[in-house]
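Worksheet: the structure to be examined is printed underneath.
Values in this text are rule-based calculations from the coordinates and carry no lab data. Every value quoted in this text rests on a predicted model; they were computed, and no experiment measured them. We place every Cβ from the backbone using ideal geometry, glycine too, and count neighbours over all the protein chains shown.
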Amino acid sequence: MGQRYTELFVSAAIFMAAMFASGCQDRDMTLATSGAEYVMFADTMAIYPVIENETFSVPVVSTVAKNYDRTFAVEVIDRGSNAIENYHYRLKSNTIVIPAGEVRTDVEIEGIYNNIDALDSLGFTLRLVIPSELEMPAGGADEGYGVETKCVLMKICPFNLENFCGYCLLTSTYLLNYSLNGSYQRLIWTEPHKTLENTIVCHDWLYDGYDINLTLDPEDPMSPEVTVEKDQVMSDEWTAFGIIRGDNKIRVESSTAYPSFFYGCQDYLTVSFRAYVTTLGGEFGTVGHFLNIMEWISREEAERLMREEGMTMATKPSGQGLE
């Protein structure tokens, strides 16, 4: 399983970068200048979603508006590019126009969905073909700031809740610290919640007899979030720690320490949670913040893990799971 886990952690790292990068792309383009005219890419690198039958936009900005249209060329350069033009992506046009009275336009690009695999690490470099006097000075560099930009492609698959249901291998930093049997991994069974939209029930998530609901929000394809609803009980204190300091319940909620997200193309998610203990008078204290990776696997793989790795799935919903 080593190679598989390496791929998952690489994908997780890429997705974290995408989530943070997407915030940069949405910012307002307010450029402090002395009135000089400069033209540049808004970002020198960004990650863009490749969605079937859709295009994405690479923004180009100017420091000033003009009372006439401005037309510039855009070219793909070999340096820093490993994606193949007209195979992995294609430019809608090699020219862009900043309309009169405006300070922004976009390079429209189509990612070729079927030619990109989920784990591909692909990107290409665009260059603006503009007069040298329009290049913003970049502290003594040979070229102006923003003349080039690196576009990283990330395939986004359609959301399907069923992809996150069934046999699941849970790898948890909580279990790394507090496992009852010394293992940081656990086989669980998940299924759609009967009433809550886009929510899965994780049976025996970290402890036998305690189910946890996770809600998946696919609205933003570059930042699809996972939420752990507050005050769900994941265990009793006595089972987990052999001592009772609160109301004998360990509760969970989403953590702000790490991002929680899912990646539909790989049918896995990462979820971070805060575990805490309460008393009748309020919260007693935090157990810690923990990160989990949940990977959905086949019945055959679950059987292999039980047979060769000694894993067990403690309880199963009626009619589900391994017998």
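Between Leu176 and Glu85, the FRET efficiency estimated from the beta carbon spacing at R0 = 30 angstrom works out to 0.10.
Find the relative contact order for the chain and round it to a whole percent, using C-alpha pairs within less than 8 Å whose residues are 6+ positions apart. List each step's numbers first, then the result.
Details: 691 pairs, mean separation 45.0, N = 323.
In percent, rounded to a whole number, it is 14.
Using 0.36 nm per residue, how much length does the chain from Glu143 to Thr278 gain when fully extended, once their Cα-Cα distance is taken away? List each step's numbers first, then the result.
Working: separation 135, 0.36 × 135 = 48.60 nm, distance 5.88 nm.
In short, 42.7 nm is gained.
Once the Cα atoms are used to define both axes, helix 2-25 deviates from the longest principal axis of the chain by about 50 degrees. Summary: within the chain, the longest segment free of trypsin sites (Lys or Arg not before Pro) located in DSSP loops with at most 10 other C-beta atoms within 10 Å is 195-323. With both labels modelled 7 Å from their Cα along Cα-to-Cβ, the Asp208 to Tyr184 distance reads 2.4 nm. Sorting the Cα pairs of the stretch 161-308 by distance into bins of 5 Å, from 0 upward, gives 2, 9, 19, 23, 20, 14, 9, 3, 1, 0 percent per bin. Dipole check for the stretch 38-155: with +1 at the C-beta of Lys and Arg, -1 at the C-beta of Asp and Glu, and the Cα centre as origin, the magnitude is about 140 Debye.
For the stretch 301-311, the Karplus equation 6.51 cos²θ - 1.76 cosθ + 1.60, evaluated at θ = phi - 60°, returns couplings of 5, 4, 5, 5, 5, 5, 6, 9, 9, x, 6 Hz by residue, with Gly and Pro reported as x. Of the residues Asp43, Asp204, Asp78, the one that moves most in a GNM of the chain with alpha-carbon contacts below 10 Å is Asp78. Say a paramagnetic label sat at a point 7 Å from the Cα of Val97, along Cα to Cβ; which residues of the stretch 106-149 have their backbone N under 13 Å from it? Taking a point 7 Å out along Cα→Cβ of Val97, the residues of the stretch 106-149 whose backbone N falls under 13 Å are 106.
Taking every DSSP helix (H) stretch of at least 4 residues in the chain, weighting each as -39,500 (n - 2.57) and dividing the sum by the residue count yields a mean residue ellipticity at 222 nm of -4000 deg cm²/dmol.
The phi-based Karplus calculation (6.51 cos²θ - 1.76 cosθ + 1.60; θ = phi - 60°) puts the 3J(HN,Hα) values of the stretch 74-82 at 10, 10, 8, 10, 5, 4, x, 10, 10 Hz, whole numbers, x for Gly and Pro. A simple spin-label model places pseudo-atoms 7 Å from Cα toward Cβ; at His289 and Glu75 they are separated by 4.7 nm.
Taking a ≥ b ≥ c as the square roots of the eigenvalues of the alpha-carbon gyration tensor, the chain is classed prolate because a/c is 1.5 or more and a/b outweighs b/c.
Identify the chymotrypsin sites (Phe, Trp or Tyr not before Pro) of the stretch 38-74 meeting these criteria: DSSP loop state and at most 13 other C-beta atoms within 10 Å of the C-beta. Don't skip to the answer; put the middle values down first.
Working: sites: Tyr38, Phe41, Phe56, Tyr68, Phe72; in loops: Tyr38, Tyr68.
Qualifying residues, ordered by number: Tyr68.
With contacts defined as alpha carbon pairs under 8 Å and 6 or more residues apart, what's the relative contact order of the stretch 161-308 in percent?
Numbers: 337 pairs, mean separation 31.6, N = 148.
Taking the mean separation of contacting Cα pairs over the length of the stretch 161-308, I get 21 percent.
Taking GluC sites (Glu not before Pro) across the stretch 225-288, the ones in a DSSP loop with at most 14 further Cβ atoms lying within 10 angstrom of their Cβ are Glu229.
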